Amino acid sequence: MDEAGDARLAAWARWFLMFAQFEVDDVGAGAATLEEALGAFRAAGDRWGEAAALILRAKHAHAHGDPAALERDAERAAALFGEAGDRWGRLQALEWLGGMAELTGDYDRAERLHRDGQRMAEELRMWPDVAVRMAWRGWVAYLRRDGASARRLFGRALRVATEQGFAQAVAFADLGLGLVARAEGRLEDAEERLGRMLAAVSPEEFPPLYLPLVQTGLGFAAEARGDAAAALGYQRDALAVAIRLESPRDLAFALEGLAAALGLAARPEDAALALGKAAAVRDAAGIPAGPAERDDIDRAAARVRDAVGARGAVGAGDAVGAGDAFGARDAVGAELFEAGAALDPAEILRRAERVPPESVSVWRSSE
């Protein structure tokens with residue numbers, strides 16, 4: 001409650017600050033404050049405020065890889081905004097329903113929802129939102145391995161976001177263009193874009209939500225150049241940040257990237273452990289890997305198969321089959337894979353930090 005004793009006003013103040021700082025705030029630490037605001041809106045009978053708080057909670061659920069909570073809150077917010085006839089609110093809800101579809105691998109629905117959102121934003125002449133919806137569509141195209149569409153959509157999003165001075169959408173689009181460039185082998189472009197984003201973030205601050213993708217992208221680029229030391233450094237940092245963010249999806253990204261780097265560094269057993277943990281994280285959260293992500297998983301798994309399999313550590317009877325959405329178990333020994341699934345991500349990070357060149361990530365939590 002604020003100094004005036006107005007609980008509803010205090011709730012609005014809390015909501016506004018969280019809405020404005022979402023990308024750079026500690027989502028986990030803000031959860032209690034958000035629940036207080038939501039409770040105050042409900043107690044005051046403020047259904048618009050309730051819907052606005054639910055939108056933020058849906059965004060939190062996306063960041064934490066919780067599809068069920070994301071769908072529940074986004075659908076409830078959409079219903080409340082629909083009752084109020086508020087098109088801005090419906091636009092926000094549509095974004096996170098699209099985010100839920102993308103998170104769970106329903107790319108057709110995700111593209112449709114974000115395209116509908118872009119059309120609505122254009123009708124409302126809300127150009128920053130137009131840029132965000134185009135970037136979302138670019139992200140979906142990237143995951144589907146449709147590089148041409150991803151480049152076009154991210155490029156358009158970047159132009160609109162730059163014209164509007166909307167930093168959040170600029171970062172989303174620039175990140176997407178960097179990831180597409182890396183996937184297509186345009187390493188200098190990828191390193192320039194992603195390196196610029198990384199340089200703008202200080203380890204002294206709480207890491208922004210997009211940081212693990214920047215670090216994994218740079219790690220994959222270093223791997224493509226055959227630089228195992230640099231790849232390990234970036235991927236260890238990505239895992240340290242993902243652990244701090246408590247984000248299952250980022251954990252999976254980082255573990256898969258770390259597995260690829262460890263394989264290049266001739267540590268196939270450690271790579272197998274990381275793949276096993278990544279698979280377990282995706283399985284538990286219900287967030288399957290998209291086609292573009294499976295390319296990286298399969299490459300890491302193939303490197304493990306070639307190294308570990310040559311030593312007789314892979315049992316053919318334990319194979320699950322190629323193309324497994326949660327990791328290529330046919331490419332790793334079942335014992336290593338299952339052992340990795342049981343490990344804590346922090347233990348995998350500690351093991352990776354002991355791989356030469358030994359280094360403790362500067363992004364580790366201070367706790």
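Some notes on this structure:
- Mean accessible surface per residue for the range 94-169, computed with a 1.4 Å probe while every protein chain stays in place, in Å²: 42 Å²
- Inter-label distance for T33 and R186, nm, one decimal - labels placed 7 Å from Cα along Cα-to-Cβ: 3.9 nm
- What the Cβ-Cβ distance of R112 and A84 gives, at R0 = 30 Å and to the nearest 0.05, is a FRET efficiency of 0.80.
- Residue-wise HN-Hα coupling along the range 77-90, computed from phi with Karplus coefficients 6.51, -1.76, 1.60 (Hz; x: Gly, Pro): 4, 4, 5, 5, 5, x, 4, 7, x, 9, 6, 4, x, 4
- Taking the longest Cα principal axis of the chain as reference, the axis of helix 167-183 is set at about 20 degrees.
- Of A167, A121, A157, the one that fluctuates the most in a GNM where the chain has Cα springs shorter than 10 Å: A167
- Spin-label pair D227/R196, simplified geometry with 7 Å Cα→Cβ offset, distance in nm: 1.8 nm
- Estimated from helices alone, the mean residue ellipticity of the chain at 222 nm is -24000 deg cm²/dmol (sum of -39500 (n - 2.57) over DSSP H runs with n ≥ 4, per residue).
- Annotation for A342 and V362: the two label points, set 7 Å from Cα along the Cα-Cβ direction, are 3.7 nm apart.
The values are calculated or read from the model by the stated rules, or taken from the named source; none is laboratory data. These figures come from a predicted structure and were not determined experimentally. Positions of Cβ are generated from backbone atoms using ideal geometry, with glycine treated the same way; all protein chains shown enter the neighbour counts. Surface areas here come from the heavy atoms of the whole protein model, side chains and all, with no ligands, DNA or RNA. Shrake-Rupley method; radii C 1.70, N 1.55, O 1.52, S 1.80 Å.
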